Amino acid sequence: MMSVSKYQRCINPKCAASYGVDEIMFACPRCGDLLDVWYDWEQLKHPGSLAWFEKRWGKREKPLNFSGVWRFRELLPFCEKKYCVTIGEGQTVLQQNDQVGQYAGVNSGKLYLQYEGLNPSGSFKDNGMAAALSHARMVGVEHVICASTGNTSASLALYAHACGMKCSVLIGSGKIAFGKLSQALDYGAQTIQIKGDFDDCMRQVQEVCRQSKLYLVNSLNPFRLEGQKAIMYRVLEGLRWREPDWVVVPGGNLGNSSAFGKAFMELKQLGLIGRVPRLAVINAVGANTLFDLYENQGLRFNGGEVDTARIDAYYQKLNDSGYRPKTIASAIEISRPVNLKKCLRSLEVCRGVVREVSDEKIKDAKAAVGRYGLGCEPASGASVAGLKLLRQQGVIKADETVVCILTGHQLKDPEVTVRYHREEKGEFSNRPVEVDNDIEAVLKALEK
Ligand SMILES: *Cc1c(COP(=O)(O)O)cnc(C)c1O
Ligand SMILES: [Zn+2]
């Protein structure tokens with residue numbers, strides 16, 4: 001590959017300052033806005049077509065070709081191959097699923113579930129960590145840190161020990177699903193539980209990184225989002241390079257939605273896709289900042305001239321009222337999403353919509369994915385619940401091709417699942433029955 005011109009650039013068009021990819025910074029030093037990784041594609045050896053990447057399928061003995069992130073490395077060419085970290089991320093499946101499709105109201109053959117639970121740590125975060133830790137290696141980092149609702153810490157801990165780096169994670173106490181906490185501990189992360197929620201942890205970790213040399217791996221990190229673009233490359237790959245009509249994704253800190261929009265923006269620019277899919281971002285009712293700002297208040301990216309005063313006023317109101325987000329879907333229990341502006345850009349690029357769904361709908365949709373598909377964690381269920389809602393509203397048509405992103409593994413949060421089935425309140429509740437230790441009782445129970 002020829003040398004590629006690459007840099008970090010501030011997303012604020014009034015600033016648009018650029019910096020080297022070897023600099024460690026998680027906000028524009030000049031104006032404080034978010035940074036993007038940007039490429040001068042003219043200098044990039046052009047793949048010509050997405051099908052070009054298929055030539056790597058037969059080379060599984062090469063770890064970077066096996067990786068579901070790095071086999072697309074020409075589309076995230078910020079570092080040399082020698083720094084690229086992989087532990088086998090991105091071996092995911094795009095499952096066509098008619099029964100979940102019927103549940104959501106989509107015609108036969110039209111619904112696909114992108115199951116990111118198959119990643120090494122059980123969530124899509126591994127796509128981002130593969131890229132972020134490669135950048136960390138490239139710039140010589142020794143100690144990495146993140147704030148987390150759970151999956152980021154699990155993923156970071158796994159990648160950090162694979163790279164021999166020290167790893168610390170900040171978690172809101174009592175705010176984490178046990179599957180995720182057990183991973184961080186098992187993988188050897190220094191785990192600090194803060195008496196607060198995710199938004200508090202996020203604030204603390206940014207201050208830690210301002211005051212120390214620790215390397216931040218939350219989705220403020222633009223290199224992490226480069227890795228998450230690969231989720232869309234694999235969706236396209238699963239559809240044999242046909243663009244879907246819609247991509248539906250849960251929205252928490254809005255890293256995924258930001259990465260997906262950037263992926264499509266670049267693919268369109270490179271002429272590798274003809275048409276940009278539409279994007280639906282789904283909030284939980286109890287953590288609906290994006291929905292409120294985008295759908296109720298009409299906040300838009302506006303070519304980068306975002307009405308920041310409106311955002312500030314919104315957060316001020318959250319502060320004044322002592323608002324705390326609350327949802328069963330802990331991975332999206334976030335009220336101050338750090339990637340808000342980038343997500344607005346994605347919504348502009350992808351003619352996006354935002355919806356909110358209740359915890360009850362999330363749990364039923366999650367159970368439908370469990371009953372008919374490969375299972376998922378609560379936050380992932382939001383995408384299917386959101387699709388069902390958008391079908392009812394007629395925004396998505398029954399004959400459109402839809403991809404729902406299932407962001408995390410079914411076993412991440414067994415407590416929510418077991419409670420749903422035990423309490424028998426949901427559409428798919430499947431209560432376990434208890435019988436005496438007696439053959440007659442067992443046979444009787446089996447007759448039901
Ligand atoms: C992190 C996470 C989300 C939220 O994704 P964002 O990119 O922060 O919007 C959703 N689901 C699961 C399972 C997650 O781990
Ligand atoms: Zn700037």
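Per the listing M232, M165, M202, the residue uniquely under 17 Å from the mean Cα position of the chain (by Cα) and modelled with pLDDT of 95 or more is M232. Within segment 274-298, residues that are of a type in the set (F, W, Y) reach partners that are assigned to a loop (DSSP other than H, G, I, E, B) with beta carbons closer than 8 Å, at six or more positions or on different chains, in the pairs Y294/R300. Here V403, V416, V384 are screened, and the one residue that is under 28 Å from T149 (Cβ atoms), of a type in the set (A, V, I, L, M) and assigned to a strand (DSSP E or B) is V403.
Residue count for segment 122-150 satisfying the condition of being over 19 Å from K175 (Cα atoms) and either at pLDDT below 95 or buried (at least 24 other Cβ atoms within 10 Å of the Cβ) (or both): 13. Against the condition basic (K, R), free of Cβ contacts under 8 Å to residues at least 40 places away in the same chain and either within 16 Å of ligand 2 (Cβ to nearest atom) or closer than 17 Å to N218 by Cα (or both), how does R56 come out, does it pass? When the stated conditions are applied, R56 does not pass them.
Restricting segment 25-52 to residues that are assigned to a loop (DSSP other than H, G, I, E, B) and away from ligand 2 (no atom under 16 Å from the Cβ) leaves a set whose member that is nearest to C79 (Cα to Cα) is L44.
Do we find that V306 is surrounded by 17 or more Cβ atoms within 10 Å (Cβ to Cβ) and farther than 28 Å from L239 by Cβ in this structure? Against the criterion (surrounded by 17 or more Cβ atoms within 10 Å (Cβ to Cβ) and farther than 28 Å from L239 by Cβ), V306 qualifies.
Scanning segment 308-334 for residues that are closer than 26 Å to D364 by Cα, small (G, A, S) and in a helix (DSSP H, G or I) yields S330, A331.
Return only the number of the condition from (1) touching a Leu at 6+ places or on another chain (Cβ under 8 Å); (2) within 20 Å of V338 (Cα to Cα); (3) assigned to a loop (DSSP other than H, G, I, E, B) that G298 does not satisfy. Here G298 clears every test but (1). Tell me whether segment 234-251 contains one or more residues that are closer than 18 Å to S123 by Cα, part of a helix (DSSP H, G or I) and more than 10 Å from ligand 1 (Cβ to nearest atom). Scanning segment 234-251 turns up at least one residue that is closer than 18 Å to S123 by Cα, part of a helix (DSSP H, G or I) and more than 10 Å from ligand 1 (Cβ to nearest atom).
The values are calculated or read from the model by the stated rules, or taken from the named source; none is laboratory data. On a predicted model such as this, the values are computed, not experimentally measured, just so you know. When we count neighbours, we look across all protein chains shown, and the Cβ atoms used for this are built from the backbone with ideal geometry, even at glycine.
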